[in-house]
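Participant: Structure below; questions to follow.
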Amino acid sequence: MDIEAQKRAAGEAAIEFVEDHAVIGVGTGTTVKYFIDALAIMKHRIDGAVSSSEQSSRLLRAQGIQVLDLNAVGTIGVYVDGADECDRGRHLIKGGGGALTREKIIAAVAKKFVCIVDAHKCVEVLGRFPLPVEVIPMARSYVAREIERRGGTPVWRADCVTDNGNWILDVHGLSITDPEHLESEWNQITGVVTVGLFAHRPADVVLVGDGRRF
Ligand code: 5RP
């Protein structure tokens, strides 16, 4: 099965977790686009969606799905999102699409986080994909130096301003054997908004496009 077919299969498989009359958390990316397409078919059975990016909000509205403000919503039963890498513990690297901060907020609120990936995203050790870190713009150089001190090689994603008005450093050269520790430690660097490592709040279930789930 090619990658695109796997993305579609994973996105469509996530529909089984959508409950009637619920507000659905919707992530960002090319895999999520397939989920949104599938959600549109049953849009009359849900109360709306909370979206992790302006891009996904546009896609949802184009399908006639109401986009709600997270502050106006009590709970989110299920959050469906992709990932850039996933290990066996369901820890994730996210933020390839730049939406990591809103994604982390929705994941924190959701009762169940369903991650949808193609098989190429599954790894033994996280870090082959450069770890995105969202930073306050004036802190970019300082945060980059602090990351270098910790053994990473940060590269400024110069063409990207996040939906929150911030910048992103993509950190190369990591082998993340203790994701919880790295997430906690890097979160303490002043100027860091979000580390794109979802370790303290991993996915609850991962649906792989080749049919595996764990
Ligand atoms: C966006 C993300 C995406 O979930 C991640 O980049 C995967 O995207 P895709 O499904 O297009 O491969 O974290 O910030």
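Participant: Restricting to bridges with both residues inside segment 32-150, how much of the DSSP beta-bridge set is antiparallel, in percent to the nearest 5?
Facilitator: 20
Participant: Please list Arg90, Arg145 from largest to smallest accessible area, probe radius 1.4 Å, with all protein chains kept in place.
Facilitator: Greatest to least solvent exposure: Arg145, Arg90.
Participant: Nearest 10 degrees, 0 to 90: what angle lies between the long axis of helix 140-149 and the longest principal axis of the chain (Cα atoms)?
Facilitator: The answer is roughly 70 degrees.
Participant: Over the chain, with a Gaussian network built from C-alpha contacts below 10 Å, which listed residue (Ala40, Ala62, Ala49) shows the highest mean-square fluctuation?
Facilitator: Checking each option, the largest mean-square fluctuation is seen for Ala62.
Participant: For the chain, what is the charge dipole size about the Cα centre, in debye to the nearest 20, if Lys and Arg each add +1 at the Cβ and Asp and Glu each add -1 at the Cβ?
Facilitator: The calculated dipole for the chain is roughly 140 debye.
Participant: Short version: what are the Cα gyration tensor semi-axes of segment 125-214, square root of 5 times each eigenvalue, largest first, in whole Å?
Facilitator: 24, 15, 12
Participant: Now a separate question. If you line up the long axis of helix 30-41 against the longest principal axis of the chain, both from Cα atoms, how many degrees apart are they, to the nearest 10?
Facilitator: 20
Participant: Suppose accessible area is computed on protein heavy atoms with a 1.4 Å probe; arrange Thr101, Thr75 from highest to lowest.
Facilitator: Thr75, Thr101
Participant: Rounded if a/c is under 1.5, else prolate if a/b beats b/c, else oblate: with a ≥ b ≥ c from the C-alpha gyration tensor eigenvalues square-rooted, which is segment 70-183?
Facilitator: It comes out oblate by the Cα gyration axes.
Participant: Could you state the angle between the C-alpha long axis of helix 100-109 and the longest principal axis of the C-alpha atoms of the chain, as a value from 0 to 90 degrees rounded to the nearest 10?
Facilitator: 60
Participant: Sticking with this structure for a sec: If the limit is 19 Å between Cα atoms, which of Lys33/Lys94; Lys33/Lys111; Lys7/Lys33 go over it?
Facilitator: Beyond 19 Å: Lys33/Lys111.
Participant: Please build a GNM for the chain, connecting alpha carbons under 10 Å apart, and tell me which residue among Asp20, Asp170, Asp159 fluctuates the most.
Facilitator: Highest fluctuation among the options: Asp159.
Participant: While we're looking at this one, here's another question. Just the number, please: percent antiparallel of the DSSP beta bridges in the chain, rounded to the nearest 5.
Facilitator: Expressed as a percentage, antiparallel bridges in the chain total about 50.
Participant: Still on this structure: Farthest toward the dipole's positive end in segment 57-163, which of Gly64, Ile106, Ile147, given Cβ charges of +1 (Lys, Arg) and -1 (Asp, Glu) about the Cα centre?
Facilitator: So the residue furthest toward the plus end is Ile106.
Participant: Continuing with this model, one more query. With unit charges on the beta carbons (Lys and Arg positive, Asp and Glu negative) and the dipole taken about the Cα centre of segment 1-158, which residue among Cys86, Ala158, Gly48 sits farthest to the positive side?
Facilitator: Towards the positive end, the residue furthest out is Ala158.
Participant: Contour minus end-to-end for Gln188 and Lys111, with contour as 0.36 nm per residue of separation and end-to-end as the Cα-Cα distance?
Facilitator: Gain on extension, Gln188 to Lys111, equals 25.1 nm.
Participant: Hey, what do the phi angles of segment 191-207 turn into as Karplus ³J(HN,Hα) couplings, whole Hz, using 6.51/-1.76/1.60 and θ = phi - 60°, x for Gly and Pro?
Facilitator: Whole-Hz 3J(HN,Hα) from phi for segment 191-207: x, 7, 8, 8, 8, x, 10, 9, 10, 5, 10, x, 5, 8, 8, 10, 9.
Participant: Hey, another quick one. Between Thr75 and Arg128, what is 0.36 nm times their sequence separation minus the Cα-Cα distance? Round to one decimal in nm.
Facilitator: The Thr75-Arg128 span can extend by a further 15.7 nm.
Participant: Okay, moving on. Among Tyr79, Tyr34, what's the order by accessible area (1.4 angstrom probe), most exposed first?
Facilitator: The ordering from most to least exposed comes out as Tyr34, Tyr79.
Participant: State whether segment 1-148 is rounded, prolate or oblate according to the following rule on the C-alpha gyration tensor (a ≥ b ≥ c being the square roots of its eigenvalues): a/c under 1.5 gives rounded; otherwise a/b larger than b/c gives prolate, and the remaining case gives oblate.
Facilitator: oblate
Participant: Modelling each spin label as a point 7 Å along the Cα-to-Cβ direction, I'd like the Arg45/His120 distance in nm, to one decimal.
Facilitator: 3.2
Participant: A further question on this structure: How high is the relative contact order of segment 76-135, in percent, counting Cα pairs under 8 Å that sit 6 or more residues apart?
Facilitator: 50
Participant: Using a simple charge model, +1 on the beta-carbon of Lys and Arg, -1 on the beta-carbon of Asp and Glu, nothing else, what dipole does segment 125-180 show about its Cα centre, in debye to the nearest 20?
Facilitator: My answer is approximately 200 debye.
Participant: Most mobile of Asp204, Asp69, Asp163 per a Gaussian network model of the chain (Cα springs, under 10 Å)?
Facilitator: Between Asp204, Asp69, Asp163, it is Asp69 that shows the largest mean-square fluctuation.
The values are calculated or read from the model by the stated rules, or taken from the named source; none is laboratory data. Values in this document were obtained by computation on a predicted structure and should not be read as measured data. Every residue, glycine as well, gets a Cβ built from its backbone with ideal geometry; the counts of neighbours run over all protein chains shown. Heavy atoms of the whole protein, side chains included, go into the accessibility calculation; ligands, DNA and RNA do not. Shrake-Rupley method; radii C 1.70, N 1.55, O 1.52, S 1.80 Å.
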